[in-house]
Every structure is written in structure tokens, then in C-alpha cells.
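Data first, discussion second: the structure below is written as C-alpha cells.
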Amino acid sequence: MKILYTQHEIKEYAVEQKKAGKLIGLVPTMGALHEGHLTLMRKAREAADIVIASVFVNPVQFGPNEDFDAYPRQFEEDCAKLEAAGVDAVFHPEPKDMYPDGFCTYVNVEGDFTKKLCGGQRPGHFRGVATVVTKLINLARADKAFFGQKDAQQVCVIRRFVEDLAIPVEINMVPIVREDSGLARSSRNMYLSATEKEAALVLSRSLRTAEKAFNDGISDVSELKRIIVNTIKEEPMAVIDYAEIYSFPGLEEISKIEGEAIMAIAVKIGKTRLIDNIILNL
Ligand code: PAF
């Protein structure tokens, strides 16, 4: 597996692959890789000739009081996992290489849907994500890019700017990978103590309880939200950031589930903010 450290190196590598007629699959990550990421790698492996992963903790998507400095960094372990998953090249730049002096261009998706859920809680977050993902797609000359459903709003934002700016890449969303307990895999699960990890099960439990109610015939959004909120409140360590149900992928307000919809939650367990979601389809 090749390790590419600079924009210059990845550009050269990608141009060479394109000249050889290869289809390039890109999996952008911030590292601290878990089974969720490795599922993305495997999907990319199936769908493309060359798989490029990026491992870059992107400073511009973190707010001033967020966990940029504390975010887990374990590049050697990540490389071993990427190599085992059959990745051809990993891009691991320094922030200074991605954002050199003079950098001043950002991709800002302005739709109302970007201000809801995590966009409402983390101003500037999606501007940082859209900027780095645009740059990674361009650098990797990606034909296809792969993202996890756990960050479903991120996928909505990426699909939007890819369409609006006519970027020639196919965006693939891969379902959430969960531990046997139901906990959605996340690099931030590493922050949880054993007790907190137990408490964190309330996230998936609340969504599954609402999903069951939906499958039993309840399609009223207030009723389903109440089920989610009441279940989360049963866990004393949990503090709700948001618990919402919107149409999917438009993220519009709805009062009844009539087509595709997303139940999305963000909950703090101790100092760790976790997100989870389930997409419902009538
Ligand atoms: O989902 C993530 O890990 C990040 O937001 C991404 C897409 C790698 C951009 O930094």
C-alpha cells in the first residue's frame, strides 16, 4: 500500500491511475478506523479498480470548543487495517499541506437542511466538510466516493454540492455498522468508559423502539419523537442534543411519515457527543 503525504504526491498517483484507465474509489476518513470504515473500504474495493483512503483530521470542520486536539490519531494502526482491507493507497497530509498560507476558498452549502441537526449544533461544520471533501475528490480524481449512513446529514450535504457544482463523482451511502449491542460504530466510542458505553446503548434502543412502533402502524411524527425522547430519558447519564424526524433526503419538517424519513438523534453521554439514526421507508 502506498502512503501519500502531500497534495503533489496524491495528484501524481491519481493521474497515473487515470492514464492507465483505472476507476478510482475514494474513502475519506479522519482515521481511528473501526469496522464501519472498513466496510466502506470493502464496498469501494468491490466497486473500483483502485481504492484510495484518506486519513486526515480536518481542522476546518471543528468548532473552537470541539474535540480537534483530542480526536484520536493512530496512523500506524490505521495503515495496518487499510492494508488488510486491500486499500491501494492512503493519503495522510498535514493540515499545512491541505490549507497552505493564502488558502481562502470554501464550499458552503446554504440550504435550510444544513442548519438542522448537526448543522444547527455545529455552525461551520458542514462548510469544513464540504471544502475538504471537494478537495479530496479533486485530488484523488475519484470516480466514486463512499460515506457512512451514520453521518446521514453529511451525505445529504455532499450529494447537494456534488450536484450543484456538477462534480463528476458518484456518491455512495453505506448502511450503519453496529456492535452486537446495537451501538453504532464510531471513532468517538473510544472516549467512553465501560459505564458510559453501557449508557450509550440508549441511543440505538430509543431508535429501535420507535422503529418498532412505526412498523406496528404508528406514523405520527410527534408520537414517534415522544417514544424516542422518553426512552432516552430513562437513562440518567444521557443528555439530548436533538431528537428529530425529517423527510429523507430533503430533511424537511413532516407531521406524518409518508415516504422515506430519517429519525436522527445526538446525545451526550458524559463529555462524549454521539449520533445515530434510522431511515424509515413506508
Ligand atoms: O465523516 C468524516 O469522517 C469526515 O467528516 C470526512 C468526510 C472524512 C471529512 O473530513
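The values are calculated or read from the model by the stated rules, or taken from the named source; none is laboratory data. Because the structure is predicted, anything quoted here is derived from the model rather than measured. Cβ placement follows ideal geometry from the backbone for every residue including glycine, while neighbour counts extend to all protein chains displayed. For the accessible areas, the whole protein counts, side chains as well, though only heavy atoms, and no ligand, DNA or RNA atoms are used. Shrake-Rupley method; radii C 1.70, N 1.55, O 1.52, S 1.80 Å.
In square angstrom, rounded to the nearest 10, how much accessible surface does residue 82 have for a 1.4 Å probe?
For residue 82, the solvent-accessible surface is approximately 0 Å².
Which value in nm describes the separation of the simple spin-label points at residue 18 and residue 229, placed 7 Å from the Cα toward the beta carbon?
Taking the simple label geometry, residue 18 and residue 229 are separated by 5.0 nm.
Take 242, 5 and sort them by solvent-accessible surface of the protein heavy atoms, 1.4 Å probe, largest at the top. If you can, show how the numbers build up before the last one.
Numbers: 242 20, 5 110 Å².
Largest accessible area first, the residues go 5, 242.
Run through the DSSP bridge list for the chain and note the antiparallel percent, rounded to the nearest 5. The partial results should precede the final answer.
Details: 22 of 41 bridges.
Taking every DSSP beta bridge within the chain, about 55 percent pair in antiparallel fashion.
Would you please classify the overall shape of segment 12-60 from the alpha carbon gyration tensor, given that a ≥ b ≥ c denote the square roots of the eigenvalues, rounded means a/c under 1.5, and beyond that prolate means a/b larger than b/c while oblate covers the rest?
Details: a/c = 3.79, a/b = 1.44, b/c = 2.63.
Cα axes put segment 12-60 in the oblate bin.
Using label points projected 7 Å from each Cα along Cα→Cβ, tell me how many nm separate residue 110 and residue 67, to one decimal.
3.4 nm
For the chain, which whole percent of the accessible surface, found with a 1.4 angstrom probe, sits on carbon and sulfur atoms?
On the way: 6430 of 13210 Å².
For the chain, the apolar C and S fraction of the accessible surface comes to 49 percent.
Sort all Cα-Cα distances of the chain into consecutive 5 angstrom bins from zero, then give the percent of pairs in each bin up to the one containing the longest distance.
1, 5, 12, 16, 18, 17, 13, 9, 5, 2, 1, 0
Go through segment 128-142 residue by residue and turn each phi into a ³J(HN,Hα) via Karplus (6.51, -1.76, 1.60, θ = phi - 60°); whole Hz please, and just put x for glycine and proline.
Result, ordered by residue: x, 5, 4, 5, 6, 5, 4, 5, 5, 4, 5, 4, 7, 6, 6 Hz.
I'd like the accessible area for residue 43, computed on protein heavy atoms only with a 1.4 Å probe and all protein chains in place. Round to 10 Å², please.
Rounded to the nearest 10, that gives 90 Å².
Classify segment 161-244 as rounded, prolate or oblate, taking a ≥ b ≥ c as the square roots of the eigenvalues of its Cα gyration tensor: rounded when a/c is under 1.5, otherwise prolate if a/b is larger than b/c and oblate if not. If you can, show how the numbers build up before the last one.
Values: a/c = 2.19, a/b = 1.31, b/c = 1.67.
Judged from the Cα gyration tensor, segment 161-244 comes out oblate (a/c at least 1.5, b/c at or above a/b).
Kindly provide the helix-only [θ] at 222 nm of the chain, computed as the sum of -39,500 (n - 2.57) over DSSP H runs of four or more divided by all residues, to the nearest 500 deg cm²/dmol?
Working: 10 runs with 108 residues, N = 282.
Roughly -11500 deg cm²/dmol at 222 nm, from the helical runs in the chain.
How many Å² of accessible area per residue for the chain, probe 1.4 Å? Before the final figure, lay out the partial values.
Working: 13210 Å² over 282 residues.
With all protein chains present, the chain gives 47 Å² per residue.
Rank these by accessible area, largest first, 1.4 Å probe: 9, 198.
Numbers: 9 70, 198 125 Å².
Greatest to least solvent exposure: 198, 9.
Can you give me the Cα centroid spacing of segment 218-282 and segment 151-194 in angstrom?
Rounded to whole Å, the Cα centres lie 16 Å apart.
Which value, in Å² rounded to 10, gives the accessible area of residue 11 with a 1.4 Å probe and all protein chains present?
Residue 11 has an accessible surface of roughly 90 Å² with all protein chains in place.
Which residues' amide hydrogens lie under 5 Å from the amide hydrogen of residue 276, considering only partners 5 or more residues apart or on another chain, with H built in the peptide plane?
Amide H neighbours of residue 276, under 5 Å, 5+ apart: 265.
If N is the number of residues in segment 45-142, what value comes out of its Cα radius of gyration divided by 2.2 N^0.38 Å?
Working: Rg = 15.2 Å, N = 98, 2.2 N^0.38 = 12.6 Å.
Its radius of gyration relative to the 2.2 N^0.38 Å reference: 1.21.
As I understand it, the value is the acute angle between the Cα axis of helix 7-19 and the longest principal axis of the Cα atoms of the chain; what does it come to in degrees, rounded to 10?
80 degrees
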